[in-house]
Ligand code: ADP
């Protein structure tokens, strides 16, 4: 006898055996999860009583029937009570030879589950081919066998086939019509998540599937990523945060061209949303395709209503997968194109902005540069003072532009005004006040008109900023002797703030552009301004759900009209 020491190195396990071992491990793991279901089935006598399947309980020690349901009693020609006490050998003839591939056997903790074709004996002596799902349950107080018996006799198969054929053709034809209709409805949806939701919902409500789940293929991460699906109660479930690796699954084999992704299992484990097996039933998986491209999977099962698979259902799901694949891919492409366009527009705006900033800052910086150069070389106090003043003026200019830019960006990124009741007459008065001296100096008449007591809900600080800007523009573009008039106008459900001047006016081809950020009509004349004033005004007005418009005649003046809703 070999001692342990003298034992040669254990030979490597041959590959097929190793593979088989792995398979067995997998089966054992799967059935560990099945245990609670088996237990439930074994104790749920009431369930079997009403089932179409025959159900028998057999004491393992005595080999005699201890319980039976009506279906098995009917099938074998006995009364239900008469079956109790019968030895199982008197009922079960033998395991049938047909359908060898249909025999399966699982073992878990010593409990055995076998699914096999067999012959059962009718009371009058003839045999009936059946399919047996036999679960042997070892319990502390004894062991028993639970038989689930499905009639596979020719008449039964025929009945089943006829029942199936009865109206399948008609059903399939009408489902195809429905598929056509829902495809049209689905193609009108333009939000990706809404579309996924609707695909699942229509699959259940219109195409008659019991449960549907939708998984998208993420090739970069080798994941199948969840979308929407149906939960155990039939409600729509958001599964977007979920994913599973497909490396060891048939998806991988499909992608490698080894299997067809669309497949049908009649006795597959069905999973709940915790990815736990909750039952066995049929399961169809169909690829979502965009042309040849694999986009994802649609999966359907019969967990809820347990209806037998209709023979057209795999084909129907396959067609639906093509519809779902194309529509989702189309929408993704459209969204991507939109984002690209948006990015492009954004880059352009930023580019223009940076170019404008460069231009606006270059002039003052050049001036500062030359003045600084001269300052370093001059001893004359008067000249030095002039140079210093020049530098200060340029710094002030840069500061003005920067402040306006920061303000513009701030208003753009925080558009929500903080509204309160604002008396417009008071606000206009407050806005005009700082310009009274300037107007007097330039021989301009500044007048305020309109009814008092007009109250709007507005952000007072911002609205003041907007009106001030319009008054300032009017004053700056009106030659001496002219007039600037601010008037308040009441409409039915809105109020207008009009700023009218008798100034130089704006050329028709410029009118549309003056609200654009950084746009200035006359570059040389308005160099000291930021070109952001009207852009800021428009942002403020729009944030108040209002509008701004301008009417202008070159040479005779302009009117800027703000219109705010009265709430
Ligand atoms: P800025 O902040 O540089 O004044 P705005 O955005 O306020 O720029 O104005 C844009 C352009 O519109 C200015 O360059 C100016 O020429 C023109 N503009 C604005 N208001 C008036 C007005 N009341 N009359 C004539 N032109 C005006």
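Assorted remarks:
- In the range 119-144, the residues that are part of a loop (DSSP other than H, G, I, E, B) and touching a residue at least 24 places away in the same chain (Cβ under 8 Å): 122, 123, 124
- Residue in the range 117-140 that is at pLDDT below 85, out of contact with any strand residue (DSSP E or B) (no Cβ under 6 Å at 6 or more places or on another chain) and within 18 Å of residue 60 (Cβ to Cβ) present: yes
Condition check ((1) part of a strand (DSSP E or B); (2) surrounded by fewer than 21 Cβ atoms within 10 Å (Cβ to Cβ); (3) within 13 Å of the ligand (Cβ to nearest atom)) across all residues:
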{"site": "463", "(1), (2), (3)": "no, no, no"}
{"site": "474", "(1), (2), (3)": "no, no, yes"}
{"site": "478", "(1), (2), (3)": "no, no, yes"}
{"site": "515", "(1), (2), (3)": "no, yes, yes"}
{"site": "518", "(1), (2), (3)": "no, yes, yes"}
{"site": "521", "(1), (2), (3)": "no, yes, yes"}
{"site": "548", "(1), (2), (3)": "yes, yes, yes"}
{"site": "559", "(1), (2), (3)": "yes, yes, yes"}
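- The conditions of being assigned to a helix (DSSP H, G or I), at pLDDT 90 or above, out of contact with any helix residue (DSSP H, G or I) (no Cβ under 8 Å at 6 or more places or on another chain) and within 13 Å of the ligand (Cβ to nearest atom) are not met by residue 437.
- Members of the range 261-283 found to be loosely packed, with under 14 Cβ neighbours inside 10 Å and within 28 Å of the chain's Cα centre (by Cα), listed by number: 272, 274, 275, 276
- Residue 204 meets the stated requirement of being in contact with a strand residue (DSSP E or B) (Cβ under 8 Å, 6 or more places away or on another chain), under 20 Å from residue 304 (Cα atoms) and touching a residue at least 12 places away in the same chain (Cβ under 8 Å).
- Residue 540 touching a strand residue (DSSP E or B) at 6+ places or on another chain (Cβ under 6 Å), within 26 Å of residue 350 (Cβ to Cβ), in contact (Cβ under 8 Å) with a residue 12 or more places away in the chain and more than 10 Å from the ligand (Cβ to nearest atom): no
- The strands (runs of 3 or more DSSP E) found entirely in the range 145-256 that carry 2 or more residues being under 22 Å from residue 312 (Cα atoms) are 211-218, 223-230.
- Number of positions in the range 305-325 that are under 17 Å from residue 213 (Cβ atoms) and surrounded by fewer than 17 Cβ atoms within 10 Å (Cβ to Cβ): 1
The values are calculated or read from the model by the stated rules, or taken from the named source; none is laboratory data. Everything quoted here is computed from the prediction, not taken from an experiment. All Cβ positions, glycine included, derive from the backbone under ideal geometry; neighbour counts span all protein chains shown.
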